[in-house]
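Colleague: Here it is: the structure, laid out below.
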Amino acid sequence: MMTTETGATADPGHLGDSASSIMDKVQEITGEIHQKQLTVEDLRRMREPVKRLVEAGRVLAVQEDQDGRRSARISLQDGQLYLHPLLRQPTPAHAHTLQEREVVGVLDPSCTLAFLDLGWAGSTRGRVTIRLTPDTPLARQFVLLCTGQRGHTYRNTKLLQVWNKGLPWESVVGGDYESNDGEGGAPLLPDLQGQYRRSARERAVWARYVPGGPKSAQFAIAIRDCQGTEKWSLFFGDVVSGFDVVRAAVNHSDITEVTVVDCGVVLPL
């Protein structure tokens, strides 16, 4: 039983079944997490103490290799968990961590959602969420560049050009993580060939260059529908939210001032 600020007695809190540990029940009451190593199951259950840690930016996915440790922030927005890219940065002493491989392991290739946060003129303008086409190499590469698992990421890259501006094939191009000027964007996977659909609709995400070439990581987002029987080839995703942000970016006076200020994937927990 708990006493409220007015002195009244509140209803008893139900703290789970008898199999729960005493420490679990103490944590339910105090709102504290004493262990700094969390699990994916903790995220799935999202009890109030864990939720508060995530909202405070204190939950990180970590990856360790021969060059040291990298960490990725996990955030909560509108009831959805997001995994941000791995960065070489000091892990705060108060952080609670999970192994990045365990977090990424929950991703279902059939429903992977990635996001790009676009910004210009000194502020973030909005989040673009992309549903990736199942089981295509270009989609897998896109996830790698949104999470930074291979050391490279779309974070802090700029949009490069508006291709075919004002015409039915109009698209915005980005993704040069190497030189950030349109001359780079090498593939991260050895073989990007696969079975790709074609699309004639706005919001389509497609490969700007032939897979396997020196610019294979660059991508394009269709702003207008194609006409007639023409279609974009090498289609590997669709914008499912934030298309208004893409349109606003295209209408900005200089597209190269638009930056991917953050990126990552949605965690389907």
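The values are calculated or read from the model by the stated rules, or taken from the named source; none is laboratory data. Bear in mind the structure is a predicted one, so any value in this text is a computation, not a measurement. All accessible areas refer to the heavy atoms of the entire protein, side chains included, with ligands and DNA or RNA removed. Shrake-Rupley method; radii C 1.70, N 1.55, O 1.52, S 1.80 Å.
Colleague: Tell me the carbon and sulfur percent of the accessible area for region 162-232, rounded to whole percent, probe radius 1.4 Å. Could the numbers behind the result be given before it?
Modeller: Values: 1650 of 3550 Å².
Its accessible area is 46 percent carbon and sulfur atoms.
Colleague: Output ³J(HN,Hα) for region 155-167: one whole-Hz value per residue in order, computed from phi by the Karplus curve 6.51 cos²θ - 1.76 cosθ + 1.60 with θ = phi - 60°, and x for Gly and Pro.
Modeller: Once θ is set to phi - 60°, the couplings for region 155-167 become 4, 6, 8, 10, 6, 9, 6, 9, 8, 6, 4, x, 10 Hz.
Colleague: Please pull out the direction-averaged projected area of region 114-269, using the convex hull of its alpha-carbon atoms, in nm² to one decimal place. Write out the running numbers ahead of the final one.
Modeller: Working: hull surface 35.3 nm².
Its Cα hull, projected and averaged over all orientations, spans 8.8 nm².
Colleague: What residues qualify as long-range amide H neighbours of His96, i.e. H under 5 Å apart, gap of 5 or more or another chain, H built at 1.01 Å from N?
Modeller: Amide H neighbours of His96, under 5 Å, 5+ apart: Val59, Leu60.
Colleague: Could you do me a favour and compute the accessible area per residue for the chain, 1.4 Å probe, result in Å²? Present the calculation step by step, with values, prior to reporting the outcome.
Modeller: On the way: 13670 Å² over 269 residues.
On a per-residue basis, the chain sits at 51 Å².
Colleague: If the cut-off is a Cα-Cα distance under 23 Å, which lysines reach Lys231, setting aside same-chain residues fewer than 8 apart in sequence?
Modeller: Lys165, Lys215
Colleague: Calculate the radius of gyration of the Cα atoms of the chain to one decimal place, then report Dmax, the largest Cα-Cα distance, as a whole number, both in Å.
Modeller: Cα-based Rg and Dmax for the chain come out at 21.6, 73 Å.
Colleague: Also, I was wondering about something else. Rounded to the nearest 500 deg cm²/dmol, what is the calculated helix-only ellipticity per residue at 222 nm for the chain, with -39500 (n - 2.57) per DSSP H run of length n ≥ 4? It would help to have the intermediate numbers written out before the result.
Modeller: On the way: 6 runs with 47 residues, N = 269.
After summing the helix terms and dividing by residue count, I get -4500 deg cm²/dmol.
Colleague: A follow-up question, please. Given 10 °C and 1.306 mPa s, how large is the Stokes-Einstein diffusion coefficient of region 36-116 in µm²/s, with Rh as the Kirkwood radius over Cα pairs? Don't jump to the answer; show the numbers that get you there.
Modeller: On the way: Rh = 13.1 Å.
The Stokes-Einstein estimate is 121 µm²/s.
Colleague: Follow-up question, since we're still on this one. Excluding residues fewer than 8 places away in the same chain, name every one of the lysines whose C-alpha is closer than 30 Å to that of Lys51.
Modeller: Reachable lysines: Lys25, Lys36.
Colleague: Right, here's the next one. May I ask you to evaluate 6.51 cos²θ - 1.76 cosθ + 1.60, the Karplus curve with θ = phi - 60°, for each residue of region 97-108 and list the ³J(HN,Hα) values in order in whole Hz, giving x for glycine and proline?
Modeller: These are the phi-based 3J(HN,Hα) values: 10, 10, 6, 4, 5, 6, 5, 5, x, 7, 5, 9 Hz.
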